[in-house]
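Comments concern the structure below.
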């Protein structure tokens, strides 16, 4: 009798996941996806009201979740949460964009974007990995990056710098943590309909630029990201680390 291979499990039953930026947009979609796969999801963000609404909606459909107020720029708070909870999966969906010409960039805007998109992501990863090593978990760390971590974009010098830095950081951490069986990857969406991208779509010229660059001919939806995150969180991606999943509709194919 021929022994056929078995598809690895996409189930996250018995696992605990942290999703930052979970009160809306892509982060909220990630929380739903992981909870649907069986994980208990700790939803974190600064805005408690919207965060509680997300958790209540998850609870209403029988999914396991809780809300935690977290300012991701507060490195000590991030460290305390990571070391106290022992997460199997960590998804970082918090992000910030302040677009404009590079010659007009103010230091405060540069620091704000770099602080959240790169500095906080760095320490979130380091604390998560340290906790996973202590508890000997074969964990998965996932950052919601951007196609702009692989290309350039109009008025996006600071944002691109933060996301290119994130991509390099993930590669280095994957090399370091591979022997501990801790995986770290990024998901790199194109423009997704969220509050973060609303400003771009308000300008007809920018909206036309986006639609022309996406080869599949449509702007992304949050649902386009949810399957990729579940894959990277699960055993189905057990040999995947130090890389990025481009969910960009063909933007970077040029």
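Taking the stretch 195-209 on its own, how many of its residues are in contact (Cβ under 8 Å) with a residue 12 or more places away in the chain, surrounded by fewer than 19 Cβ atoms within 10 Å (Cβ to Cβ) and either in contact with a helix residue (DSSP H, G or I) (Cβ under 7 Å, 6 or more places away or on another chain) or closer than 17 Å to residue 174 by Cα (or both)? Of the residues in that region, 4 qualify.
I'm trying to understand the selection: among the residues of the stretch 22-31, which are in contact with a helix residue (DSSP H, G or I) (Cβ under 7 Å, 6 or more places away or on another chain) and either at pLDDT 95 or above or not in a loop (DSSP other than H, G, I, E, B) (or both)?
Correct list: 22, 26, 28, 29, 30, 31.
For the stretch 214-223, a tally of residues being without any contact (Cβ under 8 Å) to a residue 40 or more places away in the chain and either crowded, with 19+ Cβ neighbours inside 10 Å or on the phi > 0 side of the Ramachandran plot (or both) returns 2.
Among the residues here, residue 87 qualifies as touching a strand residue (DSSP E or B) at 6+ places or on another chain (Cβ under 6 Å), part of a loop (DSSP other than H, G, I, E, B) and modelled with pLDDT of 95 or more.
When the residues of the stretch 13-23 are filtered to those that are over 17 Å from the mean Cα position of the chain (by Cα) and on the phi < 0 side of the Ramachandran plot, the one that is surrounded by the most Cβ atoms within 10 Å (Cβ to Cβ) is 15. Scan the stretch 114-146 for residues that are in a loop (DSSP other than H, G, I, E, B) and either touching a strand residue (DSSP E or B) at 6+ places or on another chain (Cβ under 7 Å) or surrounded by 17 or more Cβ atoms within 10 Å (Cβ to Cβ) (or both) and the total you get is 4. Any chance the stretch 147-156 includes a residue that's surrounded by fewer than 19 Cβ atoms within 10 Å (Cβ to Cβ) and part of a helix (DSSP H, G or I)? No, the stretch 147-156 has no match at all.
Go through the stretch 211-250 and give me each residue that's in contact with a helix residue (DSSP H, G or I) (Cβ under 7 Å, 6 or more places away or on another chain), in a helix (DSSP H, G or I) and modelled with pLDDT under 95. Residue satisfying the conditions is 213 alone. Put simply, of 42, 55 the only residue that is in a strand (DSSP E or B), touching a strand residue (DSSP E or B) at 6+ places or on another chain (Cβ under 6 Å), surrounded by 17 or more Cβ atoms within 10 Å (Cβ to Cβ) and modelled with pLDDT of 95 or more is 42.
The values are calculated or read from the model by the stated rules, or taken from the named source; none is laboratory data. Worth saying up front: this structure is predicted, and the values here are computed from it rather than measured. Because the Cβ atoms are built from the backbone with ideal geometry, glycine has one as well, and the counts that use them run over all protein chains shown.
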